[in-house]
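Engineer: Before anything else, here's the structure in question.
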Amino acid sequence: MKPLVTTAEMTIGTVFPREFAAGLNDLTKQVDKPVQGEPIEITGRVVQLDGKPLDNLVIEIWQADAQGRFDSPDFFGWGRAATDADGVYLFRTIKPGASDGRAAHINFLLLYSGLMRQLQTVMFFDRTADPVLAGVRDG
């Protein structure tokens, strides 16, 4: 028996075409001049509770530049990637600087077709005091 393919009419939320994230995962190539900062790669794998990979899950990140500025004219600080059939994603970016009393971090937003839920999380780089993280931990 041939498995059925989910269509937009059969889901609750948005269905993301593969092109939705194409070419947006390299934050170092989004401006006309070289981006200043330490280049890094962020890669990961997203799976379901049973260990099956989530294919075409959209991940967006936003971050400060190397000096801790979110409003830099020389660095957009935003990117989008989609997981492949194995649930793997990759971003090329720069290590962000600390900003406004916050520890250096990158914000993540995960979106999956057919679900009206999203997951937001933060990746920190150092064991530095951060007021938002302390509020979550102590709250």
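Engineer: Would you mind counting up the charge near GLY87? Only other residues with Cβ under 14 Å from its Cβ, with Lys and Arg at +1 and Asp and Glu at -1.
Structural biologist: On the way: positive: ARG45, LYS52; negative: ASP50, ASP55, ASP84, ASP86.
That works out to -2.
Engineer: Also, I was wondering about something else. Quick check: from the Cα gyration tensor, does the stretch 68-139 come out rounded (a/c under 1.5), prolate or oblate? Walk me through the intermediate numbers first.
Structural biologist: Working: a/c = 2.10, a/b = 1.33, b/c = 1.59.
Taking the square roots of the gyration eigenvalues as a ≥ b ≥ c, the stretch 68-139 is oblate.
Engineer: If the reach is capped at under 23 angstrom between alpha carbons, list the lysines near LYS29, excluding any in the same chain fewer than eight residues apart.
Structural biologist: LYS95
Engineer: Using a 1.4 angstrom probe on the protein heavy atoms only, could you order LEU90, LEU49, LEU110 from most to least accessible area?
Structural biologist: If we order LEU90, LEU49, LEU110 from most to least accessible, we get LEU49, LEU90, LEU110.
Engineer: Please compute the length gained on full extension between ASP50 and VAL122, using 0.36 nm multiplied by the number of residues separating them and subtracting their Cα-Cα distance.
Structural biologist: 23.5 nm
Engineer: So for each of 37-47, 54-64 I average, over its residues, the number of other beta carbons within 10 Å; can you give me the resulting order with the highest mean first? Write out the running numbers ahead of the final one.
Structural biologist: Numbers: 37-47: 13.5, 54-64: 20.1.
Per-residue mean Cβ counts within 10 Å order the peptides as 54-64, 37-47.
Engineer: Taking H placed 1.01 Å from N in the peptide plane, check which residues at least 5 places from VAL47 or on another chain put their amide H under 5 Å from its amide H.
Structural biologist: HN-HN under 5 Å from VAL47: LEU54.
Engineer: With every protein chain present, what accessible area does LYS33 have (1.4 Å probe, heavy atoms only), rounded to the nearest 10 Å²?
Structural biologist: 110 Å²
Engineer: Let me spell out the model: positive unit charges on the Cβ of Lys and Arg, negative unit charges on the Cβ of Asp and Glu, origin at the Cα centre of the stretch 18-139. What dipole size does that give, in debye rounded to 20?
Structural biologist: Here the size comes out at about 140 debye.
Engineer: Can you work out the FRET efficiency for the pair GLN67 and ALA134, with r the C-beta to C-beta distance and R0 = 22 Å, to the nearest 0.05?
Structural biologist: 0.40
Engineer: Ordering ASP26, ASP86, ASP100 from largest to smallest accessible area (1.4 angstrom probe), what's the sequence?
Structural biologist: Order by accessible area, largest first: ASP100, ASP86, ASP26.
Engineer: Sorted by accessible area (1.4 Å probe), largest first, how do TYR112, TYR89 line up?
Structural biologist: TYR112, TYR89
Engineer: Next up: Rounded, prolate or oblate: which one fits the stretch 44-106, using the alpha carbon gyration tensor with axes a ≥ b ≥ c (rounded when a/c is under 1.5, else prolate when a/b beats b/c, else oblate)? Each step should come with its number before you reach the end.
Structural biologist: Working: a/c = 3.73, a/b = 2.36, b/c = 1.58.
Note, shape of the stretch 44-106 comes out prolate.
Engineer: Which whole-number percent is the relative contact order of the stretch 23-139 (Cα, under 8 Å, 6+ apart)? It would help to have the intermediate numbers written out before the result.
Structural biologist: Values: 248 pairs, mean separation 32.7, N = 117.
The normalised contact order for the stretch 23-139 reaches 28 percent.
Engineer: Could you work out the local net charge near ASP100, counting Lys and Arg as +1, Asp and Glu as -1, over the other residues with Cβ closer than 14 Å to its Cβ?
Structural biologist: Taking every Cβ under 14 Å from that of ASP100, the sum is -1.
Engineer: Further, regarding this structure: If Lys and Arg each add +1 and Asp and Glu each add -1, what is the summed charge of the other residues whose beta carbon sits under 13 Å from the beta carbon of LEU27?
Structural biologist: Overall, the nearby charge balance is -2.
Engineer: Same structure, new question: Using a 1.4 angstrom probe and counting only protein chains, how large is the accessible area of ASP71 in Å², to 10?
Structural biologist: 110 Å²
The values are calculated or read from the model by the stated rules, or taken from the named source; none is laboratory data. In this text, all values refer to a predicted model and were calculated from it rather than measured experimentally. Cβ coordinates were reconstructed from backbone atoms using ideal geometry, including for glycine residues, and neighbour counts include every protein chain displayed. Surface accessibility is based on the protein's heavy atoms, side chains included, excluding ligands, DNA and RNA. Shrake-Rupley method; radii C 1.70, N 1.55, O 1.52, S 1.80 Å.
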